[in-house]
Structures are given as C-alpha cells and as structure tokens.
Amino acid sequence: METTPQKLEMFYEGKAKKLYSTSDPDLVIAYFKDDATAFNAKKRGTIEDKGVMNNRISELFFMLLEKNGVKTHFVRRLNDREMLCKRLQIIPVETVVRNIVAGSLAKRLGREEGEQLKRPIVEYYYKSDPLDDPLILGEHAIAFGWATADELKQIDAKALKVNEVLKQFLDERGVILVDFKLEFGRHHGDILLGDEICPDTCRFWDKATRQKLDKDRFRRDLGGVEDAYHEMLRRVES
C-alpha cells in the first residue's frame, strides 16, 4: 500500500483551492474548496460540494490524459476533497483553448456566442489577479522571462493534445467542450499539466440542448449550478 506523506503547513490559498506542503518536498496536497468566484473574484458565492465534485472530475480527467500520454501533476486522490500532486514551479501563463466562440472572445471580437471555430485557438493570459489576467502574446511571456520559446512550444502541443483527448471523450458522453483553461509548471526538467480540469475551468454544453453545465451558470445567475456540476460528474464517471 502506498504511504501518504504527512500534511504540513498551508503555503498557498487561491480562489478554489488550498495547497499544503508535505513531509515529501516533491509532493503537495491540494484541498478543493466550495467557494465560487467569478470576474476575478468580484463576484463571490458558494456552490455546495463543488470541491468534492471538482476533485473527483479532475482525478478522472487527469487519469484519462495520463493514459493518453499527457504528463500531469496528479498522483492520486486522497479523499473527497484532497488530491496528492507533484510540486510544480508554476509558469505564470494561463493557456486557454477555444473550440467555440464564448465568454470573453465573443465580447472582445463582437462575435456570436456559439459560433464554431474552423480550428482550435490557443490563447495566453498573464496569471495576475491584480491585473485581471490580461490576454498576452507568446512574445510577452518570452520577453518578460515567464516562459521560454521552447516551453511555449511544448505548452501549445500539450494543450492541443488535451483538447483532442477531452473533446472525443466528452462527445461520446453528449457534451460539447467549448473552451477551457490550463496551467502548466516545471517539475525536474519536465513541463507538467497542473491545477484542475473541471466545470470551474472549462465550458461544457449539453450536445442536444446546448444547456450550460459549468460555472457560467454561477457567473450569469442562471440557477441550477449544483445540478450542472452533479450532471457533469455523472457523465464523466459513466
């Protein structure tokens, strides 16, 4: 039986998770919270059992991606709310992959939400709460030393691979993968996928009805938020 390292002090608290050091300097424990935020924490609330559902959904997605050759920080789920992960040096560049026009892309370019893109778009955002995570070019990341050109090339390839794997998996379960946000980090010379993959970080639409099954229900006061998360968990587990 695998031994779990001892949980030590919390060293980071974000909008959705707390991270704890462990007795193994190479591993951390991520605790998933029920707190819900939108518009860079300008809107706040709670989604009952969100942490439990996101922990389980992320576990299933990480295992699926690992099986398909995408290296992640995931080690194992410890309990309802905690996940054991490899400690990453996070690259402060959030990567967004878009298959369909929605959210900020619709607003920014005046396009109709729901417009199918001819090919996936990969965008970068500078990970900075005070600046509201601004959209950047890869050139900015290289110029300011946030990532190297080689790292961005790897991130691009990995993000598109994640898209390919998840799109097919979700399509078989009647879900459209509209867009999603990824975070990557360095670990002993490798670039690994970190953070979480769940209805907080992705847009999921029901294929038949185009009903939203993600945090947009909270962002836009559509109601049925917990139900949407439960439904996504049910489909991912099926």
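The values are calculated or read from the model by the stated rules, or taken from the named source; none is laboratory data. What you see is a predicted model, and the numbers here were worked out from it, not measured in a lab. Neighbour counts are summed over all protein chains in view; Cβ atoms, including those assigned to glycine, are modelled from backbone coordinates with ideal geometry.
Worth pointing out:
- Of the residues in the stretch 215-231, not one is modelled with pLDDT of 95 or more, within 19 Å of SER104 (Cβ to Cβ), touching a Phe, Trp or Tyr at 6+ places or on another chain (Cβ under 7 Å) and not in a helix (DSSP H, G or I).
- The residue pairs whose first member lies in the stretch 31-42 and is surrounded by 13 or more Cβ atoms within 10 Å (Cβ to Cβ), whose second member is of a type in the set (Phe, Trp, Tyr), and whose beta carbons are closer than 7 Å, counting only pairs six or more residues apart or on different chains, are TYR31/TYR20; ALA36/PHE218; ALA38/PHE218.
- With respect to being at pLDDT 95 or above and either among the polar types (S, T, N, Q) or in a helix (DSSP H, G or I) (or both), LEU60 fits the description.
- Tally of residues being out of contact with any strand residue (DSSP E or B) (no Cβ under 6 Å at 6 or more places or on another chain) and of a type in the set (Val, Ile, Thr) across the stretch 157-191: 2
- Verdict on LYS86 being within 21 Å of LEU166 (Cα to Cα), of a type in the set (Lys, Arg) and modelled with pLDDT of 95 or more: no
- For the stretch 194-228, a tally of residues being aromatic (Phe, Trp, Tyr) and either without any contact (Cβ under 8 Å) to a residue 12 or more places away in the chain or not assigned by TED's automatic domain parsing to the domain that holds TRP146 (or both) returns 0.
Yes/no per residue for (1) among the β-branched types (Val, Ile, Thr); (2) touching a Lys or Arg at 6+ places or on another chain (Cβ under 9 Å); (3) assigned by TED's automatic domain parsing to the domain that holds ALA106; (4) in contact (Cβ under 8 Å) with a residue 24 or more places away in the chain:
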{"site": "LEU166", "(1), (2), (3), (4)": "no, no, yes, yes"}
{"site": "ASP171", "(1), (2), (3), (4)": "no, yes, yes, yes"}
{"site": "PHE180", "(1), (2), (3), (4)": "no, yes, yes, yes"}
{"site": "HIS230", "(1), (2), (3), (4)": "no, no, no, yes"}
{"site": "VAL236", "(1), (2), (3), (4)": "yes, yes, no, yes"}
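- Boolean, GLY14 is modelled with pLDDT under 95, in contact with a Lys or Arg (Cβ under 9 Å, 6 or more places away or on another chain) and surrounded by fewer than 17 Cβ atoms within 10 Å (Cβ to Cβ): yes
- Selection count, the stretch 225-238, where residues are surrounded by fewer than 14 Cβ atoms within 10 Å (Cβ to Cβ) and more than 12 Å from GLU48 (Cβ to Cβ): 3
- Selected residue [assigned to a strand (DSSP E or B), among the aliphatic types (A, V, I, L, M), farther than 30 Å from ARG44 by Cα and in contact (Cβ under 8 Å) with a residue 12 or more places away in the chain] from ILE176, ILE191, ILE155: ILE191
Table: residues versus (1) among the β-branched types (Val, Ile, Thr); (2) within 17 Å of the chain's Cα centre (by Cα).
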site	(1), (2)
GLN154	no, no
LEU160	no, yes
LEU166	no, yes
VAL178	yes, yes
ASP190	no, no
LYS207	no, no
ARG219	no, yes
LEU222	no, no
TYR229	no, yes
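- Residue check for GLU115: under 18 Å from the mean Cα position of the chain (by Cα) and either on the phi < 0 side of the Ramachandran plot or in contact (Cβ under 8 Å) with a residue 24 or more places away in the chain (or both): no
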